[in-house]
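Following: one structure in structure tokens, then a few remarks.
FYI, it's all coordinate maths here, none of it is from the lab. Predicted model only: the values in this text are computed from it and were never measured. A quick note on method: Cβ atoms are made from the backbone with ideal geometry, for glycine too, and the neighbour counts reach across all protein chains shown.
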């Protein structure tokens, strides 16, 4: 397997192999763990930056498949990148401008895991869009991302959501409210 020989293959071979693993979408636990190698950050960043269609990808893949590969790369960046991995953060920030909510949610989740503070305005804006659409599953994930990033803007958005929805009877909304309240508590503890 190509991931066993990262230092012994060309960058092009490694990138193409990693792309194929992401495209296949089925990885055993060992492969999944090997994909968390920080040396792969530039490859994942390139996949995200190229909207799932980098030069090392097979040609003519359907958009839904390239989006899936891009989202997988984003989630992996969230697992292994750090706030100072500028290339990864920039690629994920650009991904927040995608037209599809599922793609934006993957980027926001990854940016939260990285704790990229510069992402707060974009995540807050997306949080507001999801509030308007009443996408409570996305709201809960975005609440966790905002909690990981922290800050006053994130706290204000989460507070607004909980205040506006505290009395809504729907159990899914109440779960999202609980996530938002937990996020506020996390931010408060960090700011204290």
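Observations, loosely collected:
- One residue alone among 87, 30, 99, 12 is over 13 Å from the mean Cα position of the chain (by Cα) and within 25 Å of residue 135 (Cα to Cα), and that residue is 99.
- Among residues of region 103-129, those that are more than 10 Å from the chain's Cα centre (by Cα) and surrounded by fewer than 23 Cβ atoms within 10 Å (Cβ to Cβ), counted: 11
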